[in-house]
Amino acid sequence: MPFENIPSVQVPLTVEQAEIMEQRQVKKHQVAVVLVHWFNALVWLLELTTGAALLVNPAYRVAPQWYLTMMQDVFGTSANLLRFHIAVGLTWIAVFLAYAIFGWRHYLHAEVLRKEVGLDNDDFEWLRIRTLLLVGRTKKHLPPQGAYNAGQKMYALLVYTMIPVIMITGLIMTFHLLATAVVAWAMVLHFFAVGMVVSGLMIHVYMGAVFPEERPAFYSMITGQVNELYAYHHHFKWWRDVRLQQQAWERQWAEEEAGNVHGDGATVHSRPVIGAYTLPNEEN
Amino acid sequence: MARYAMVIDQERCVGCQSCTVACKSEWDVPIGGARTRVRPAGVRGIYPNFTSTFLVSQCNHCDKPTCVQACPTGATYQDANGIVRINKQLCIGCGSCVSACPYGARYINGDKGVADKCDFCAARVERGLEPACVNTCPAKAKIFGSLEDSNSAVFNLVYHGGAQRIETSDVNIGPNVYYLAKPEQMELAAAAFPPIPPQTIAAGRVWSGLVKKVVFLAVGATFLGQAVAFFRQLNVGEKQFED
Amino acid sequence: MGNEISRRKFLQVGTGIAGAAAAATGAHAAVHPPGWRGDQRVEQIATNCEMCFWRCGVMAEVADGKVVKLQGNPHHPLTKGKLCARGNAGVALLYDPDRLKYPQIRTGDRGEGKFKRVSWDEALDFLASRLKELKQKYGPESVALFPHGVHSGFFATLMRAYGTPNSAEPAFAQCRGPRDIGYQLTFGRPVNSPEPVDLEESKCMVLIGSHIGENVFTSQVTAFADGLAKGAKLIVVDPRMSTAASKAHFWLPIKPGTDTALLLAWMNVLVGEKLYDKEFLDQYAMGFKELEAHVQGFTPEWAEPITEIPAARIRETAHAMADARPAVAIHPGRHVTWYGNDTQRARAMAILTALLGAYGRKGGIFLPSKLKQGRIPLPPMPESERGRADREPGLYPLASEEAYGLTQGLIETTLSGNPYPIKSWIVYGQNIFESIPVRQKTLEAIKKIEFMAVVDVLPTEQTRYADLVLPEATYLERYDPPAIVTTHKRPFVAIRQPAIEPLYESKPGWWIAKKAAEKLGLSDYFPWTDPDDHLRRLIAPLNVNEQELKALGAVSFEGKPYIEDRSEDDGPLFPTQSGKIELVSTVLRDFQIDALPKYEAVEQPPAGFVRLIYGRAPVHSFSRSENNAWLDDLMPENPVWLSTEAARRFGVSDGQKVILENQDGVKSPVITVKVTLAMRSDVAYTVHGFGPQSPGLRKAYQHGFSDTALMTRIAIDPLMGATGMRVNFVRVLAAEKA
């Protein structure tokens, strides 16, 4: 019931509207996305812990000696450590390839990518204001965001560029592909790309798991759904798109139901029924 | 326990490459690669009085191996007997070790993609056999043994027989392949094939010089940023958006 | 196959073999236990090598039916476990993808290289039918055999039984002939192989042209290195500073063709200053007075302008030899067919050896010991009325024995048809194009041939001109007659047995010859049933334990290498015509040839040319190894060596691409120059055996250049028909200008 007409700008909500919206769930992530996310998280956990243990040489080391010794003891030999790291890595690549090949249209289509990483003016504004907010230098409100806010888009962009680098350099090192110099640079790039993702992960994990405002986002990565209030506040433009689309479906459905064959496109003001989303009329 | 070393008598050596081929055969060294090399060091003198020699070279299993220091994964290591070995399953073939060896003793095996070099035929030595090159040398110019065994020929030649190392003031990492040759021959060999100070490959330099710093900085900064945000969050309390 | 069974049997015996032949070997007799290669268990088969002709002992390590490694055989008395680069590379020959794999019959024009694959049956039927036709049409003598190697005996038997006396291998007239004849005339026996030179006990080694170290015969290198390490003085006479010369106390960069003058001058010093071994000569030699008179005029001062070696140096080296006598090893050389006067030079070397008392003595040339070899009784060989056709009658009086065939003579006869036409060549393991000079004659002669069969392991140029190509298995896949070696201080018998079954459809030589004999109705000449039977008959008189022999690869016996070991029961010390060492050769005198060697000047290079000389490389055995993947990797081509002075004169520099042009205008392909300080300026040197024109040798095809192709002239030794080959001259042209 909250809205008869979907607002085009993010208007303040009444308490009633907010309460209703908080109860409703909107589907944000498909099952495959959820699964891949956690698969990814597991892979990263395993690969980071084993990867760090593989850098033994003091000039290249990122972990302290006690950690290296401990990991070697766990796996028996360094060779086992590497085999494990490679096995997980290859599995990761295989799954992503399957995901890419079979789910191309759903998950990697241009429209989807635009939604996930495409930055518009609102996004840039968001970035500017968010940074200022961080250092307490502004009182402005953040501009409306799409399905993913600019920060999330930046992270996605980082991950989407770095992951192919990590995969390809990983393959080069595993199978000793191309020239020796290429393998050497692969080593550096692998480490650099991982490092960049890890710095992104600092924010991603904090935002996802620690920061209370984004708690619904964390749960969305389990249930696939967010509550509507959260969606309205944090991802207004997406909320709007979803609602508009739903409205359009409902109207079409109603038309078909009523057998209305007016070709003049006259709107039928009937109240939608099931699954529907009914709003008290607003006096506006 | 042993400290394996080799003495090569260049006066006996005729440069016949038997050692090269025996080694190639024993260890499936691909065409174009070499674990051991026999190279003419040139001719010096005034007609008809000349000095010339061959130089047989291979991994020296140095006291302070620069290749071990260079390897990012620890695939190259020195065992308890002083033999510098490569764990092929841990090697990615980045070539750091190849550039780090002053004696050019290492190469990347084109077939397998990993580093390779003489390992004093460790697998043979473990079974009580001589290294393949020592075994085959018709001139009996290669002598192998432990510097900790006072009865061994190697011990005697190194400590009492005048066997020499090829080192310079820049490169003195304690090679354990020694040579017997006339002084002018040693000079010729050292001049023809001088040990080169170890090089760090470009990728390695970029790693330790730049990338490592950048990554640590980025991760550190984001971590700190989030830590700060976390503490602020604790202070400020949860934001209720119901209001 | 019989071989297979006996090999399995002896492995099962384990350590059960007691020291039955311990007395013979002086070492514990044992079945050779399996070995290890890393973590892999390997069977070890004892055999001997054929990468060159020294036949070093080899242990073939076999796992899963593949030869994985070749090692020296530690039980082999000659080489004691050492193995050279080529020996180690035998694996690459065995698995060379370019090997001849199946019998082929020519379909295109001769030389085109077009063949069709046929079965062995068809191939041997073809061979038999053609041989029968030729016998009918032209007589059996019209077929000439060109064999090579001691194991060519099967084919020698076959062709003699067929009825032809015409057989010649390059070992005599293109290689060792002059020295064997020269030493035989002097001491009563040829030098033989392996050369009985006691280098390891020598106090002074003298190498005339011999380049030990680049010329690698494993045990010879060991002995050389040992002798030097013990403090022997080394004198090397060579226009180029070879590896051996680089170790010499005295390197004499002699003017090519003047070695005899140097030898005579040395004799002059030894005789004139009474530095010879008087006691020895009094007891064993004849003709000293004549020799003394003969060498009087050949002073070092006389020799200096001829040899371009300072007289003082000649004296110095003569004194060095005298100081060391009788332990002076003057190496007789091996390939000595240089200038057409080589027998007399060999005579001079033999005489010098005798003057120093260094024959039959420790540190000099030692005596061959006797070993009884079994004989396989055969029906009488057919007599040929027409006789041999490899020389004009009356020529080469010293090449009388049948073993001394003249390859170039057979080629001449094929070309000329005199005294009768030779219409067919059967070639076993010879690459005539590379081994016999004056290639243009070979090519012309081939045009007259109606049938050529070639048996080989690799597709050499020879195979391209064949009508029938028969693939032989490599030495690692076949049985060959045992080596019964007497010119070693411990004489021995060593076997060759297969390490694995022949690959592809290749067959061992014995099988090919025996089957061919069957088709020709000559089975009676191959009365043995299989290799084991053949082996047993040959080694029967030696009383060795066959299982031990097969396990260890060789069994040795006590030898009597020095005169002091001998008694009258051992036969005459010097089986010459006179029964003594003939400083003056009675045989030559009988033939009215110079009974004492003289110096004869050889033709000098024309202005602007240098003499082309050649030698060996330690990683190759001429064309035998040029296609070997590992050896080709180490030395893919043969540069031409020039001194810095010669390079300057020709206007070329180190590493530059050039072409050689010889005195007859024949040009080499584009090759590389190697410039060195340590060489005379009147010679160009290269390693023999490169530049094959057979595309079937994919790795070696047109790598480097063939020195044989530039040998358009030869100088024939009138005594025994050897073809001197160092009589060609070249000039060097920069590749662009040529």
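The table below lists the values:
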| quantity | calculated |
| --- | --- |
| Checking B:Pro183 against (1) without any contact (Cβ under 8 Å) to a residue 12 or more places away in the chain; (2) more than 10 Å from chain A (Cβ to nearest Cβ); (3) farther than 21 Å from B:Thr53 by Cβ, the condition it does not meet | (3) |
| Among (1) within 14 Å of chain B (Cβ to nearest Cβ); (2) in a loop (DSSP other than H, G, I, E, B); (3) touching a residue at least 24 places away in the same chain (Cβ under 8 Å); (4) more than 26 Å from the chain's Cα centre (by Cα), the one test that A:Asn5 misses | (1) |
| Selection count where residues are within 14 Å of chain B (Cβ to nearest Cβ), assigned to a loop (DSSP other than H, G, I, E, B) and surrounded by 23 or more Cβ atoms within 10 Å (Cβ to Cβ), scope region C:667-681 | 2 |
| Matching residues, region C:353-395, being touching a strand residue (DSSP E or B) at 6+ places or on another chain (Cβ under 8 Å), surrounded by fewer than 24 Cβ atoms within 10 Å (Cβ to Cβ) and of a type in the set (A, V, I, L, M, F, W, C) | C:Leu371 |
| Residue within region B:149-158 that is closer than 30 Å to C:Gly57 by Cβ, touching a Phe, Trp or Tyr at 6+ places or on another chain (Cβ under 9 Å) and of a type in the set (D, E, K, R) present | yes |
| Residue match in region B:198-218 (condition: touching a helix residue (DSSP H, G or I) at 6+ places or on another chain (Cβ under 8 Å), within 30 Å of C:Thr79 (Cα to Cα) and surrounded by fewer than 17 Cβ atoms within 10 Å (Cβ to Cβ)) | no |
| Residue under evaluation C:Arg648, criteria (1) more than 14 Å from chain B (Cβ to nearest Cβ); (2) free of Cβ contacts under 8 Å to residues at least 12 places away in the same chain, criterion not met | (1) |
| Hits in region B:73-99 - residues which are part of a helix (DSSP H, G or I), at the interface with chain A (Cβ under 9 Å from one of its Cβ atoms) and in contact with a strand residue (DSSP E or B) (Cβ under 8 Å, 6 or more places away or on another chain) | B:Val98 |
| Flag if C:Gly14 is at pLDDT below 95, among the small types (Gly, Ala, Ser) and surrounded by fewer than 17 Cβ atoms within 10 Å (Cβ to Cβ) | yes |
| Which numbered condition B:Arg3 fails, given (1) crowded, with 20+ Cβ neighbours inside 10 Å; (2) away from chain C (no Cβ under 13 Å) | (1) |
| Residue tally, condition of a type in the set (Phe, Trp, Tyr), part of a helix (DSSP H, G or I) and closer than 24 Å to B:Ala221 by Cα, over region A:179-222 | 4 |
| Residue within region A:100-113 that is surrounded by 15 or more Cβ atoms within 10 Å (Cβ to Cβ), in contact (Cβ under 8 Å) with a residue 60 or more places away in the chain and within 21 Å of the chain's Cα centre (by Cα) present | yes |
| Selected residue (criterion: nearest to the chain's Cα centre (by Cα)) from residues of region C:203-247 that are part of a loop (DSSP other than H, G, I, E, B), without any contact (Cβ under 8 Å) to a residue 40 or more places away in the chain and more than 22 Å from C:Arg347 (Cα to Cα) | C:Lys247 |
| Subset of region B:159-194 [among the acidic types (Asp, Glu) and more than 19 Å from the chain's Cα centre (by Cα)] | B:Glu184, B:Glu187 |
| Tally, over region C:149-183, of residues that are touching a residue at least 24 places away in the same chain (Cβ under 8 Å) and either under 16 Å from C:Ser384 (Cα atoms) or not in a helix (DSSP H, G or I) (or both) | 14 |
| Selection status of A:Ala59, within 11 Å of another protein chain (Cβ to nearest Cβ), part of a loop (DSSP other than H, G, I, E, B) and small (Gly, Ala, Ser) | yes |
| Condition met for C:Asp480 (in contact (Cβ under 8 Å) with a residue 24 or more places away in the chain, out of contact with any strand residue (DSSP E or B) (no Cβ under 8 Å at 6 or more places or on another chain) and of a type in the set (D, E, K, R)) | no |
| Hey, B:Cys118 within 12 Å of the chain's Cα centre (by Cα), assigned to a loop (DSSP other than H, G, I, E, B) and either at pLDDT 95 or above or facing another protein chain (nearest Cβ under 9 Å) (or both) or not | yes |
| Single unsatisfied condition, C:Ala607 versus (1) more than 24 Å from the chain's Cα centre (by Cα); (2) of a type in the set (Gly, Ala, Ser); (3) within 13 Å of another protein chain (Cβ to nearest Cβ) | (3) |
| In region C:298-313, the residues that are of a type outside the set (Lys, Arg) and either at pLDDT below 95 or within 15 Å of C:Lys233 (Cβ to Cβ) (or both) | none |
| Of residues in region C:85-117 being away from chain B (no Cβ under 14 Å) and of a type in the set (A, V, I, L, M), the one nearest to C:Ser506 (Cα to Cα) | C:Leu100 |
| Residue within region C:622-636 that is in a loop (DSSP other than H, G, I, E, B), over 27 Å from the mean Cα position of the chain (by Cα) and touching a residue at least 40 places away in the same chain (Cβ under 8 Å) present | no |
| Subset of region B:104-115 (residues that are more than 12 Å from chain A (Cβ to nearest Cβ) and either surrounded by fewer than 24 Cβ atoms within 10 Å (Cβ to Cβ) or in contact with a His (Cβ under 6 Å, 6 or more places away or on another chain) (or both)) | B:Gly104 |
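For (1) within 29 Å of C:Met349 (Cα to Cα); (2) touching a Leu at 6+ places or on another chain (Cβ under 6 Å); (3) of a type in the set (Gly, Ala, Ser), each residue gets a yes or a no:
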| site | (1), (2), (3) |
| --- | --- |
| C:Phe366 | yes, no, no |
| C:Ser369 | yes, no, yes |
| C:Pro393 | no, no, no |
| C:Pro397 | yes, no, no |
| C:Glu401 | yes, no, no |
| C:Gly405 | yes, no, yes |
| C:Gly409 | yes, no, yes |
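Residue by residue, here is whether (1) within 21 Å of C:Gly429 (Cα to Cα); (2) of a type in the set (Lys, Arg); (3) not in a loop (DSSP other than H, G, I, E, B) holds:
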| position | (1), (2), (3) |
| --- | --- |
| C:Lys69 | no, yes, yes |
| C:Pro77 | no, no, no |
| C:Lys80 | no, yes, no |
| C:Pro97 | yes, no, no |
| C:Asp109 | no, no, no |
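Per-residue answers, yes or no, for (1) buried (at least 17 other Cβ atoms within 10 Å of the Cβ); (2) touching a Gly at 6+ places or on another chain (Cβ under 9 Å):
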| site | (1), (2) |
| --- | --- |
| A:Lys140 | no, no |
| A:Tyr148 | yes, no |
| A:Tyr155 | yes, yes |
| A:Phe175 | no, yes |
| A:Leu178 | no, no |
| A:Gly208 | yes, no |
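The values are calculated or read from the model by the stated rules, or taken from the named source; none is laboratory data. Since the structure is predicted, the reported quantities are computational estimates derived from the model, not experimental observations. Positions of Cβ are backbone-derived with ideal geometry, glycine not excepted, and every protein chain shown enters the neighbour counts.
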